[in-house]
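Remarks on the structure that follows.
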Amino acid sequence: MSRNIAVAAPEFSGNEWRYVRECIETSWVSSIGRFITEFEAALANYLEVDHVVVTNNGTTALHLSLVALGVGPGDEVIVPTLTYVATANAATYCGATPVLVDVDPHTMLIDPDEVRRRIGPRTKAVVPVHLYGHGADMESLSAVVGERGIPLVEDAAEAFGARVAGRRAGSIGACGTFSFFGNKIITTGEGGAVTTRDGRLAERLRLYRGQGMGDQRYWFPVVGYNYRMTNVAAAIGMAQLEQVDKKLDRRREIAAAYDRLLGDADGVATPAAPPWSESVHWLYTVQVDVERAEQRDEIARRLAADGIESRPVFYPMHQMPPYFQADGHFPNADRLAARGLSLPTHTLLDEQDITWVSERLLHHVRAVRNGS
Ligand SMILES: *Cc1c(COP(=O)(O)O)cnc(C)c1O
């Protein structure tokens with residue numbers, strides 16, 4: 001049996017071609033055009049917020065949020081050590097220091113108690129990450145930052161459409177950020193968005209996104225950035241958004257199938273979604289019961305030989321050169337990162353694929369644990 005199963009894959013089964021063709025035919029291919037305004041309005045409606053500012057990727061969405069909130073040199077931004085590097089980098093781009101905190105040993109999500117411990121006089125923002133499509137504990141986090149008035153910037157890049165205690169991920173903090181990279185829940189090729197309920201903040205986001213130009217054309221009161229999305233990208237995004245609920249239903253089915261096939265198996269722990277989270281299962285991520293990361297990597301190699309792509313859990317920030325901490329104490333992230341493996345999770349998978357992936361995973365876990 002030879003199949004090639006990717007860990008992630010975009011699905012284009014709607015109006016993508018039609019909308020992109022319209023951009024070319026009307027020649028609105030840069031950052032002016034009907035799809036930009038319509039995509040922002042449709043996103044605001046779907047994500048249950050008042051304002052959406054689309055950007056050219058998820059990293060610039062994060063950077064733009066911190067800039068608009070006034071984060072600058074000397075400030076500290078609290079981020080989980082277990083995340084994609086963009087979360088920490090966005091703080092670094094501002095000249096601020098990302099302050100790393102450990103995550104919950106089961107959910108992999110930022111630990112609010114750790115956040116409380118690391119808040120100091122320089123803390124300018126906290127960036128919880130809704131990792132792998134699961135909602136972080138926004139209620140506890142809001143309580144932790146609330147009395148100090150520190151803004152929460154939700155990194156919802158992996159959690160488009162998720163709900164946290166009934167509210168959309170990305171609609172709860174001062175702002176929320178999304179990515180529309182090709183492997184995310186919906187894609188625009190490269191793209192991103194910032195959400196907020198604060199009209200003044202939305203204005204600042206637009207100012208800094210558009211090179212610092214306000215209402216007066218070619219007058220630049222601040223040093224801004226060119227972080228605009230193209231109309232072509234927004235056209236793809238509109239088509240993707242029209243089908244997002246179907247995509248999310250399919251992801252739920254896939255996660256349920258993996259749960260069924262792997263839930264009771266020896267040697268593999270399935271993802272522990274927190275009770276407040278209605279998750280979107282961006283990447284179905286298991287913990288394999290091995291001693292060392294090298295054994296996890298060997299399992300991944302054997303899966304690859306079967307034509308099954310998988311992915312190690314993100315390396316924690318404190319392990320990598322830009323954010324290395326020799327004396328860092330992040331036992332949960334270390335443990336999760338050494339044993340975590342993300343399995344193929346996308347809407348083009350069928351039941352046979354999921355069964356095959358699960359069978360091969362269990363086979364290789366057993367073999368590697370037995371030293372064979
Ligand atoms: C994908 C991702 C981003 C950044 O998105 P890009 O569009 O690739 O710049 C940020 N944070 C997290 C957690 C992500 O997964």
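The values are calculated or read from the model by the stated rules, or taken from the named source; none is laboratory data. For clarity, every value in this text was computed on a predicted model and none was experimentally measured. Backbone-built Cβ (ideal geometry, glycine too); neighbour counts: all protein chains shown. All accessible areas refer to the heavy atoms of the entire protein, side chains included, with ligands and DNA or RNA removed. Shrake-Rupley method; radii C 1.70, N 1.55, O 1.52, S 1.80 Å.
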Given the structure, is Glu294 open to solvent by 40 Å² or more (accessible area, probe 1.4 Å), over 22 Å from Ala156 (Cα atoms), of a type outside the set (Ser, Thr, Tyr) and more than 17 Å from the chain's Cα centre (by Cα)? yes
If we keep just the residues of segment 299-328 that are in a loop (DSSP other than H, G, I, E, B) and hydroxyl-bearing (Ser, Thr, Tyr), which is surrounded by the most Cβ atoms within 10 Å (Cβ to Cβ)? Ser310
Complete set of residues in segment 127-159 that are touching a residue at least 40 places away in the same chain (Cβ under 8 Å), within 11 Å of the ligand (Cβ to nearest atom) and of a type in the set (Asp, Glu): Asp155, Glu158
What's the total number of residues in segment 342-358 that are part of a helix (DSSP H, G or I) and either aromatic (Phe, Trp, Tyr) or buried (at least 18 other Cβ atoms within 10 Å of the Cβ) (or both)? 4
Restrict the check to segment 252-268 and report whether at least one residue is open to solvent by 10 Å² or more (accessible area, probe 1.4 Å), assigned to a helix (DSSP H, G or I) and in contact (Cβ under 8 Å) with a residue 12 or more places away in the chain. yes
Quick check on this structure: which one of Gly212, Gly166 is on the phi > 0 side of the Ramachandran plot, in contact with a Phe, Trp or Tyr (Cβ under 6 Å, 6 or more places away or on another chain) and away from the ligand (no atom under 12 Å from the Cβ)? Gly212
What about Gly191, is it in contact with an Asp or Glu (Cβ under 7 Å, 6 or more places away or on another chain) and touching a residue at least 40 places away in the same chain (Cβ under 8 Å)? no
Among the residues in segment 223-231, are any open to solvent by 70 Å² or more (accessible area, probe 1.4 Å) and part of a strand (DSSP E or B)? yes
Test: Thr285 is open to solvent by 20 Å² or more (accessible area, probe 1.4 Å) and among the β-branched types (Val, Ile, Thr): no
Among the residues of segment 282-298, write down those that are touching a residue at least 12 places away in the same chain (Cβ under 8 Å) and part of a helix (DSSP H, G or I). Ala293, Gln295, Arg296, Asp297, Glu298
If you take the residues in segment 163-189 that are among the small types (Gly, Ala, Ser) and farther than 22 Å from Ser13 by Cβ, which one is most open to solvent (accessible area, probe 1.4 Å)? Ala165
Would you check if Ala273 is buried (at least 18 other Cβ atoms within 10 Å of the Cβ), over 17 Å from His363 (Cβ atoms), modelled with pLDDT under 95 and under 19 Å from the mean Cα position of the chain (by Cα)? yes
Taking Phe181 as the residue in question, decide whether it is farther than 23 Å from Gly72 by Cβ, in contact with a Lys or Arg (Cβ under 7 Å, 6 or more places away or on another chain) and within 13 Å of the ligand (Cβ to nearest atom). no
So, of the residues in segment 190-221 that are touching a strand residue (DSSP E or B) at 6+ places or on another chain (Cβ under 9 Å) and in a loop (DSSP other than H, G, I, E, B), which turns out to be surrounded by the fewest Cβ atoms within 10 Å (Cβ to Cβ)? Gln211
Among helices (runs of 4 or more DSSP H) lying entirely in segment 16-126, which contain 1 or more residues that are crowded, with 18+ Cβ neighbours inside 10 Å and within 16 Å of the ligand (Cβ to nearest atom)? 34-47, 58-68, 85-93
